[in-house]
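Accompanying notes for the structure given below.
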Amino acid sequence: MENVLLGSIGGKAKQQALWFVQLEKERILHNYHLGCATKDHALGGLSTLYQLASRIEDVDCMKNLMMTISDVQSSRLPGLRLPGTSQLIGI
């Protein structure tokens with residue numbers, strides 16, 4: 001079991017992990033926008049997803065999550081749009 005965790009993952013396992021990361025990111029942001037999750041909870045969840053993306057070595061996913069984390073960090077209240085745009089955070 002330990003050897004499996006230390007090796008890199010690819011193929012279907014990587015696709016499923018990326019699907020999970022995207023699904024969870026959307027859920028975290030949805031809860032944050034509704035005010036059901038605090039900024040700290042949202043950042044903690046996104047940070048965990050970043051660690052997952054790092055473990056599966058997907059640079060694009062890591063970049064996307066870092067931009068989302070930055071957007072959440074710069075927001076003042078849940079549900080607010082990014083300053084000067086009509087775009088919701090991370091979506």
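Bear in mind these aren't lab numbers, they're just calculated from the coordinates by the rules spelled out. The structure presented is a predicted model; accordingly, all values stated were derived computationally and were not measured. Methodologically, a virtual Cβ is constructed for each residue, glycine included, from the backbone with ideal geometry; neighbour enumeration extends over all protein chains shown.
The residues in segment 38-59 that are part of a loop (DSSP other than H, G, I, E, B) and more than 17 Å from residue 70 (Cα to Cα) can be counted, and the count is 3. Residues that are out of contact with any strand residue (DSSP E or B) (no Cβ under 9 Å at 6 or more places or on another chain) and assigned to a helix (DSSP H, G or I) within segment 28-37 comprise 28, 30, 31, 32, 34, listed in sequence order.
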